[in-house]
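Below: one structure, written as structure tokens.
Derivation of every value follows stated rules applied to the coordinates shown; laboratory data play no part. Since the structure is predicted, the reported quantities are computational estimates derived from the model, not experimental observations. FYI the Cβ positions are ideal-geometry reconstructions off the backbone, even for glycines, and counts take in every protein chain you see.
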Amino acid sequence: MTAKSVPPTPANWRALLAARPVRNAAAAAEETDDGGVRIGVRKADAWWRRAPWKWAVPGGDLRYTVLDRLGRELWEICDGRTVEEIVEEMARRHRLTFHESRTAVTPLLRELIRRGALAIALSPPNDQVNIR
């Protein structure tokens with residue numbers, strides 16, 4: 001049985017838009033020839049990735065995600081801004097409405113989080129002070 005995707009409520013959208021995608025400090029990013037970026041993230045340590053099995057099972061220690069030019073643009077914008085600010089910036093750069101931009105940006109952010117290239121830092125509750 002699979003879990004059904006529940007559409008977010010307005011309160012959930014506010015929390016999502018206030019979240020800050022943060023690049024994985026351990027991710028290795030390198031430019032590709034076509035103007036994109038290749039992001040390498042260290043794979044989780046599994047039993048079969050340790051000696052002596054590691055010698056028999058091919059594969060490196062990094063899992064790569066390759067982004068095109070627009071994906072690279074989104075990757076570079078993830079510099080501490082909130083999801084809302086990122087969506088607004090992409091909308092401004094590409095002459096889209098906020099909702100068109102959100103529809104394009106949020107699935108890519110979700111995929112980068114799933115692959116370990118990004119993490120989400122939630123904003124502290126209103127009673128806490130944000131120290132920079």
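The table for this structure:
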{"item": "Positive minus negative residues near GLY35 (Lys, Arg vs Asp, Glu; Cβ under 11 Å)", "result": "-3"}
{"item": "Cα-based shape type of segment 65-122, given that a ≥ b ≥ c are square roots of the gyration tensor eigenvalues and the cut on a/c is 1.5", "result": "prolate"}
